[in-house]
Amino acid sequence: MDVLVTLFYFLFSICVVYPPTEFVSAGFTIAQLFESFLGSENMNFIGYHMKRTTITALIHSSLPLGYVFCLLLAGDRNPWLPAAAAATAIIPLLMCYRLLCWWENGQARHPVVKSLLPYVTPGTDWRLVAANLNIEFRNVDKVAIQLNTTSRFVATETWLIKLTQYKLNVVKQGDCTLVATATDSHNLTPSGEDEVQYVNIEAIPTRDDVERFTFRISTTALRDLQPRLSQAVRVPDHISLLPTLIERFVTVFKQYVDQNPVYYVDQELELCIGCMQYPADVKLNKRCVAPPPHLEGGPPPCTQCNCRVLWCCSCMGRWWAARAQGPPAGWLAGRATCPVCRAAFCLLDVCPARAPGS
Ligand SMILES: [Zn+2]
Ligand SMILES: [Zn+2]
Ligand SMILES: [Zn+2]
């Protein structure tokens, strides 16, 4: 019986400290169970996390005492049990004392407040910084990335924040350099199409009073994060970030397009209307042969597109990939339609376009 209780309680404790995703979706996490006490994270970000870290520390410190109680309830009559109860009761009591220290004297010793103190201008209160952070967190253009079930990384217009169980790391974007330190890749499928790469990023503050921190995100999440950062994440030469599936597709797409015959136009090529960065350099020119009559009834055959040269090869490749169906291995064999006139075309019909004399 004791072994069963011990095993059960051990598993329960792990699930409380590191909740698996099933617990999170079932609403069984400290933050979700105490939702009404914590209030709204969106309205009062700092206040919410001050309360959340306090409750988390208190609950985690009570877990050993809970174990002794479980043994008592299970009918264990070990003579040492009352002594164990007294000993384990000391842990939450000490924690209560510590939490009281956090909250007294204007909460200046609370770890969440401590992380804001470097940004408090002399003569003002930490609540000013907190109010600024709260306002920015409410903004819809922040980027929040879930690192695991208990930690999160948030980038607002001027702040970078890492939220963990007991504390917050806060740094101003302007005072900090983000450097990729390592990567690791995982294959989800044997063919390697769904390769996922994670990057470890270290936030190195330029001020000595702000603590460094690291976080680990997927390359895809990093791409979502980049536009929100005032300075891009520095990637040292020895680290290579995995291109996304679309980027890899566009590279292959370009190789195939280059094998098609060149289409010469009699005027200068304009900028691509998709990206406005590179000259338009592909022309949709029907070259493929219509399917023989006995195969008719399949997908609609290609038609001639009469549009001018409007797109660059990368934009056309991305357009193709965005509309492709089925597994990526079959994308090149499919068909797309001209973004402007909707004429169907296949890969054979995408010709590199050149202006005269180039
Ligand atoms: Zn383009
Ligand atoms: Zn067209
Ligand atoms: Zn075709």
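The values are calculated or read from the model by the stated rules, or taken from the named source; none is laboratory data. Only a predicted model underlies this, so the values are computations on that prediction, with no experimental measurement involved. Cβ: placed from backbone, ideal geometry, glycine included. Neighbour counts: every protein chain shown. Side chains are part of the model used for accessible areas, which takes the heavy atoms of the whole protein and leaves out ligands, DNA and RNA. Shrake-Rupley method; radii C 1.70, N 1.55, O 1.52, S 1.80 Å.
Hey, any hits in the stretch 249-260 for a residue that's assigned by TED's automatic domain parsing to the domain that holds Leu347 and in a loop (DSSP other than H, G, I, E, B)? Looking for residues that are assigned by TED's automatic domain parsing to the domain that holds Leu347 and in a loop (DSSP other than H, G, I, E, B), one finds at least one in the stretch 249-260, hence yes.
Per this entry, Gly317 is not counted among residues that are of a type outside the set (Ser, Thr, Tyr) and either within 15 Å of ligand 3 (Cβ to nearest atom) or surrounded by fewer than 20 Cβ atoms within 10 Å (Cβ to Cβ) (or both). Reported count of residues in the stretch 130-182, each being of a type in the set (D, E, K, R), exposed (fewer than 15 other Cβ atoms within 10 Å of the Cβ) and within 14 Å of Thr214 (Cβ to Cβ), is 0.
Evaluated against (1) open to solvent by 30 Å² or more (accessible area, probe 1.4 Å); (2) of a type in the set (Phe, Trp, Tyr); (3) part of a helix (DSSP H, G or I), Tyr198 falls short on exactly one condition, (3). Inspection of the stretch 284-291 identifies at least one residue that is touching a residue at least 12 places away in the same chain (Cβ under 8 Å) and either under 41 Å from the mean Cα position of the chain (by Cα) or more than 10 Å from ligand 3 (Cβ to nearest atom) (or both).
When residues in the stretch 329-357 are screened for being more than 13 Å from ligand 2 (Cβ to nearest atom) and without any contact (Cβ under 8 Å) to a residue 24 or more places away in the chain, 4 of them pass.
Condition test on Trp311, is it in the same structural domain as Val250 (by TED's automatic domain parsing), under 30 Å from Asp194 (Cβ atoms), free of Cβ contacts under 8 Å to residues at least 40 places away in the same chain and buried (at least 20 other Cβ atoms within 10 Å of the Cβ)?
Spelling it out, Trp311 is indeed in the same structural domain as Val250 (by TED's automatic domain parsing), under 30 Å from Asp194 (Cβ atoms), free of Cβ contacts under 8 Å to residues at least 40 places away in the same chain and buried (at least 20 other Cβ atoms within 10 Å of the Cβ).
Within the stretch 4-39, the set of residues being part of a helix (DSSP H, G or I) and in contact with a Lys or Arg (Cβ under 9 Å, 6 or more places away or on another chain) comprises Ile30, Ala31, Phe37, Leu38. Can you find a residue in the stretch 73-95 that is open to solvent by 20 Å² or more (accessible area, probe 1.4 Å), part of a helix (DSSP H, G or I) and of a type in the set (Phe, Trp, Tyr)? No, the stretch 73-95 has no match at all.
Residue-wise test of (1) of a type in the set (S, T, N, Q); (2) modelled with pLDDT under 90.
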| residue | (1), (2) |
| --- | --- |
| Thr156 | yes, no |
| Thr164 | yes, no |
| Leu178 | no, no |
| Gln197 | yes, yes |
| Ala203 | no, no |
| Val210 | no, no |
| Thr214 | yes, no |
| Leu242 | no, yes |
| Leu245 | no, yes |
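The residue that is nearest to ligand 3 (Cβ to nearest atom), among those in the stretch 320-353 that are at pLDDT 90 or above and open to solvent by 40 Å² or more (accessible area, probe 1.4 Å), is Leu348. Applying the set (1) in contact (Cβ under 8 Å) with a residue 40 or more places away in the chain; (2) over 30 Å from Ile135 (Cα atoms) to Gln173 leaves exactly one unmet item: (2).
Within the stretch 271-279, none of the residues are within 16 Å of ligand 3 (Cβ to nearest atom) and at negative phi. Please find, among Asp141, Asp125, the residue that is in contact (Cβ under 8 Å) with a residue 24 or more places away in the chain and of a type in the set (Asp, Glu). The match here is Asp141.
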